[in-house]
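Take a look at the structure set out below.
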Amino acid sequence: MFSAVFGSVEQGIIYAIMALGVYLSFRVLDFPDLTVDGSFVSGAAVAATMITFGYHPAIATAVALVVGFMAGCITGLLHTKGKINALLSGILMMIALYSINLRIMGLTVENSVGRPNIPLLNADTLFSRFSEFWSSLGIDEVINGFFTSLGVEYIPSTWGTLFIMLIIVVLIKFVVDWLLQTEIGLAIRATGDNKKMIRSLSANTDTLVIVGLGFSNALVAFSGALIAQYSKFADASMGIGMIIIGLASVIIGEAIFGTRTIMRITLAVIAGSIIYRIVLGLALRVKILDTGDMKLITAVIVICALILPQVIEKRREKKRKEKRYAERLADTNLALKKEGEAVVKTR
């Protein structure tokens, strides 16, 4: 149980970066961007290809981020300059990226145009490099000794991956928080809320949409690059349903932690991603379920995340109405009592 939860937390933190990208497009920009399913694989494909060619994992991950930014900008251009429907522009870019990703991975094979996957089993990745440094510190022995004393049987081999991902995600969260509170960030938020209003203030909404989508897909591609290095492979189909996972993380986080401030929302999205992965991991431990049921489980989780907040809000509203009714009834009874006492005194 502990090992399953630990693995889910690790994956949830990495996918949280993708969820932040989905939050920027769907919530901030109010743009149904399906490019995510393609740009996630683009990040994985670029990182895996460059690592295979011997580039430093950090450089490969940075280039993957740039490629994701370019993919998002193209989607924005199709919508703003090409006047294509927002949903359709994302679908078109997603379809185009599938072939582009095959071409990118095909660069690693001679006499081949495309390649569906790239294994990274013996490759040098960000996580393997950090694990070498982490193991030399001896922190794993201390932590594992503590959990062993508590009676935990299955202990992870290293805590380094969790530690480095926590640092990366916290840094990205603060960057997103800072960006959304800058002048450009406020303009992007205003564009998502009311495009006509911000346009009347002489703001270039087309540029804001393009930049916003570019930044969103940059985070998605960055997450894809990290997942490829974490899973030790990149596959052309690994992005299928990624938009649903991102939305599930956003919805779960918002439902549990609320949406009062930007800092709280981004934290909620990260927590929602971790909770989603934990629920998914525990669900797969049920004997009647299989790995092939992941999409079904995801759909159920999203449905519950959408319906439960409404049910909870209705119950809260009902309790508020009952409380107000009880207060009015008490005030009425008190007023009648005082009126009755006044009548008695006059007699």
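The values are calculated or read from the model by the stated rules, or taken from the named source; none is laboratory data. Quick caveat, the model's predicted, so the values are computed rather than measured. Cβ atoms come from the backbone with ideal geometry, glycine included; neighbour counts cover every protein chain shown. In case anyone asks, the SASA skips ligands and DNA or RNA and just uses the protein heavy atoms, side chains included. Shrake-Rupley method; radii C 1.70, N 1.55, O 1.52, S 1.80 Å.
A straight line joining the Cα centroids of the range 11-71 and the range 73-128 runs 10 Å. Going by accessible surface with a 1.4 Å probe and the largest first, Ile13, Ile74, Ile184 read Ile184, Ile74, Ile13. Using a probe of 1.4 Å on the protein chains alone, the accessible area found for Phe233 is around 90 Å².
Sorted largest first by accessible area at a 1.4 angstrom probe radius, with every protein chain in place, the residues Thr158, Thr291, Thr298 fall in the order Thr291, Thr158, Thr298.
Contact order normalised by length for the chain, with contacts defined as Cα pairs under 8 Å and 6 or more residues apart; what percent is it?
Values: 511 pairs, mean separation 111.4, N = 347.
Dividing the mean separation by the residue count of the chain yields 32 percent.
Here the chain is assigned +1 on the Cβ of each Lys and Arg and -1 on the Cβ of each Asp and Glu. Its dipole about the Cα centre then comes out at about 1840 debye.
Farthest towards the positive end of the charge dipole of the chain, among the residues Leu87, Val36, Tyr98, is the Cα of Leu87, using unit charges on the Cβ of Lys, Arg, Asp and Glu. Taking all protein chains together, Val300, Val220 sort by accessible area into Val300, Val220, largest first [probe 1.4 Å]. Placing unit charges on the Cβ atoms of the charged side chains and taking the dipole of the chain about its Cα centre, the candidate lying farthest along the positive direction among Tyr276, Ala190, Leu219 is Ala190. Rolling a 1.4 angstrom probe over the protein heavy atoms with all chains in place gives the range 1-139 an accessible area of 44 Å² per residue. Reducing the range 300-317 and the range 217-244 to their Cα centroids gives an inter-centroid distance of 30 Å. The H on the amide N of Ile84, modeled in the peptide plane, is under 5 Å from the matching H of His79, each at least 5 residues off or on a different chain. Once the Cα-Cα distance is subtracted from the 0.36 nm per residue extended length, the Leu306 to Tyr154 segment shows a gain of 51.3 nm. Once the C-beta distance of Lys337 and Ala299 is scaled by a Förster radius of 51 Å, the resulting FRET efficiency is 0.35 to the nearest 0.05. Under a Gaussian network description of the chain, with springs only between Cα atoms under 10 Å, the residue in Ile275, Ile59, Ile312 that fluctuates furthest is Ile312. Compared with the dominant Cα axis of the chain, that is its longest principal axis, helix 139-149 is turned about 50°.
For the peptides 14-27, 33-46, what is the packing order when you average, over each peptide's residues, the other Cβ atoms within 10 Å and list the highest mean first? Provide the component values of the computation, followed by the final result.
Numbers: 14-27: 27.1, 33-46: 31.1.
Final packing ranking: 33-46, 14-27.
Across the range 1-154, the mean sequence separation of Cα contacts (distance under 8 Å, 6 or more residues apart), normalised by length, yields a relative contact order of 24 percent. In order along the range 100-117, phi translates into HN-Hα couplings of 4, 5, 4, 5, 4, 5, x, 5, 7, 10, 6, 6, 9, 7, x, 8, x, 7 Hz, rounded to whole numbers, per the Karplus curve 6.51 cos²θ - 1.76 cosθ + 1.60 with θ = phi - 60° and x for Gly and Pro.
For the chain, the longest stretch holding no GluC sites (Glu not before Pro) located in a DSSP loop with at most 12 other Cβ atoms within 10 Å is which?
Numbers: sites that count: Glu110, Glu153.
Between exposed loop sites, the widest span is 154-347.
Could you tell me what percent of the accessible area of the chain is made up of carbon and sulfur, with a 1.4 Å probe and every protein chain present?
On the way: 12120 of 18480 Å².
Whole-percent figure for carbon plus sulfur exposure: 66.
Between the amide H of Phe233 and those of Leu120, distances stay under 5 Å, these residues lying 5 or more places away or on another chain, with hydrogens modeled in the peptide plane. Helix 126-137 and the longest principal axis of the C-alpha atoms of the chain enclose an angle of approximately 80°.
Taking a sphere under 15 Å around the Cβ of Thr158 and counting the other residues whose Cβ falls inside, with K and R at +1 and D and E at -1, yields a net charge of -2. The calculated 222 nm mean residue ellipticity attributable to helices in the chain amounts to -26000 deg cm²/dmol, summing -39500 (n - 2.57) over DSSP H runs of n ≥ 4 and dividing by all residues. The angle between the Cα long axis of helix 262-283 and the main principal axis of the chain comes to about 70°, on a 0 to 90 degree scale.
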